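Have a look at this one before I ask anything.
The values are calculated or read from the model by the stated rules, or taken from the named source; none is laboratory data. These numbers come from a predicted model, not from an experiment. Cβ coordinates were reconstructed from backbone atoms using ideal geometry, including for glycine residues, and neighbour counts include every protein chain displayed.
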Amino acid sequence: MRSLLFALALAWPSAAWAWECNVSEIDADVPLAWPTRTIPYAVQAGIGVPLADIEAAFDTWSEVSCSDLDFEIAGVVAPGATGTVLTAVEADWEHDPDAVASTAVIYVQATGEIRSGLIELNHAQHVLVDVTTGCDGAPIPHDTRAVLIHEIGHLVGLAHTTAFVGGPDDPTMSPQVDPCDATKRSLEPDDVAALCALYPIGARGACHGRAVRAPASDDEAGGCTTTGGGFAGWSVFALLLLGLKTCRNARSGG
Ligand SMILES: [Zn+2]
């Protein structure tokens, strides 16, 4: 599958790509990207998601053969840990209640260098399970791994793609992951092309004119927003010249 995706990525005319980059709030020509190709991440203890599922989600991006971006699990940590963390919110979800998950990155405004990230799963309003073993209940569950893979796309600097029709072959970076939908577990050529543009093997990445400025308001469900200052829970990073970009994964609408 990996080589097939790579071949498709090479064969696909560049004009067909629809992926978008997140960019610095002060310069739309500066894409957000990690400065190193191995990203350590930690998992908050007790979030109720098997580590194997979490690692499989990160591996889905690591295994893209035309990119050398890699992830390394740094362990299981207590609530409130700093660094790049995956967590779940059981109550008091602070974002759009329709959002199944949210990803925020702290980056240097001038360079776009991502310094840290936070992926939150919304266990307060939604149910996330392995839908391949069953998809019943109310609310209708979402597939944990598919949602995570989408959020990891935001973690590496991607915004939502503009090429989607609501079908099983839509890119994983389409604006939403529907309930019971495990098809987003696999990256599509548009996702692969995005990753390999931002993190090509042994070379500096670029957005190739596909950068997109984040909406100014916080109202757009399923979109990415930029917040200046006021990093609640991120006081260690609350320095001047840093920006906070948050992307939410809407359940419906938006
Ligand atoms: Zn999203």
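Every residue, every condition in (1) within 12 Å of the ligand (Cβ to nearest atom); (2) of a type in the set (A, V, I, L, M, F, W, C); (3) buried (at least 24 other Cβ atoms within 10 Å of the Cβ); (4) at pLDDT 95 or above, yes or no:
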{"position": "His154", "(1), (2), (3), (4)": "yes, no, yes, no"}
{"position": "Ala159", "(1), (2), (3), (4)": "yes, yes, yes, no"}
{"position": "Phe164", "(1), (2), (3), (4)": "yes, yes, no, no"}
{"position": "Gly167", "(1), (2), (3), (4)": "no, no, no, no"}
{"position": "Arg185", "(1), (2), (3), (4)": "no, no, no, yes"}
{"position": "Leu198", "(1), (2), (3), (4)": "no, yes, yes, yes"}
{"position": "Ile201", "(1), (2), (3), (4)": "no, yes, no, yes"}
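Take the residues in segment 84-101 that are closer than 21 Å to Ala52 by Cα and either among the hydrophobic types (A, V, I, L, M, F, W, C) or in contact with a Ser or Thr (Cβ under 8 Å, 6 or more places away or on another chain) (or both); name whichever of them is surrounded by the most Cβ atoms within 10 Å (Cβ to Cβ).
Going through the qualifying residues, I end up with Val100.
Out of all the residues in segment 82-103, is one or more modelled with pLDDT of 90 or more and among the aromatic types (Phe, Trp, Tyr)?
Within segment 82-103 (the criterion being modelled with pLDDT of 90 or more and among the aromatic types (Phe, Trp, Tyr)), the answer is no, since none of the residues qualifies.
Determine the pairs where a residue that is closer than 22 Å to Ser24 by Cβ, located within segment 34-46, has a partner that is of a type in the set (Ser, Thr, Tyr) with Cβ atoms under 9 Å apart, the partner being 6 or more residues away or on another chain.
That search, which allows pairs on different chains as well, returns Trp34/Tyr199; Pro35/Thr111; Arg37/Ser67; Arg37/Tyr199; Ile39/Thr84.
Checking the structure you have, find out if any residue of segment 64-75 is within 25 Å of Val127 (Cβ to Cβ) and more than 16 Å from the chain's Cα centre (by Cα).
Let us first name the residues in segment 64-75 that are within 25 Å of Val127 (Cβ to Cβ), namely 73.
Adding the requirement that they be more than 16 Å from the chain's Cα centre (by Cα) leaves 73.
Taking every residue of segment 64-75 in turn, at least one turns out to be within 25 Å of Val127 (Cβ to Cβ) and more than 16 Å from the chain's Cα centre (by Cα).
List every residue pair whose Cβ atoms sit under 9 Å apart, with the two residues 6 or more apart in sequence or on different chains, where the first one lies in segment 86-98 and is outside any loop (DSSP other than H, G, I, E, B) and the second, anywhere, is surrounded by fewer than 13 Cβ atoms within 10 Å (Cβ to Cβ) and at pLDDT below 90.
Here the result reads Thr87/Pro79, each pair linking segment 86-98 to a residue that is surrounded by fewer than 13 Cβ atoms within 10 Å (Cβ to Cβ) and at pLDDT below 90.
Follow-up question, since we're still on this one. Considering only segment 83-118, state which residues are within 13 Å of the ligand (Cβ to nearest atom) and not charged (D, E, K, R).
Kept after step one, since they are within 13 Å of the ligand (Cβ to nearest atom), are these residues of segment 83-118: 95-96, 98-105.
Selection gives His95, Ala99, Val100, Ala101, Ser102, Thr103, Ala104, Val105.
Could you say whether any residue in segment 174-185 is farther than 18 Å from Glu20 by Cβ and not in a loop (DSSP other than H, G, I, E, B)?
Restricting attention to segment 174-185, the residues satisfying the condition of being farther than 18 Å from Glu20 by Cβ are 178-183, 185.
Keeping just the survivors that are not in a loop (DSSP other than H, G, I, E, B) gives 183, 185.
Yes, segment 174-185 contains a residue that is farther than 18 Å from Glu20 by Cβ and not in a loop (DSSP other than H, G, I, E, B).
Taking the options Val147, Val156, name whichever one is within 17 Å of the chain's Cα centre (by Cα) and closer than 20 Å to Arg210 by Cβ.
Details: Val147 fails: closer than 20 Å to Arg210 by Cβ.
Criteria check complete, one pass: Val156.
Could you please give the count of residues in segment 169-183 that are charged (D, E, K, R) and away from the ligand (no atom under 15 Å from the Cβ)?
Step one: list which residues in segment 169-183 are charged (D, E, K, R), which gives 169-170, 178, 181.
Now restrict to residues that are away from the ligand (no atom under 15 Å from the Cβ): 169.
The qualifying residues number 1.
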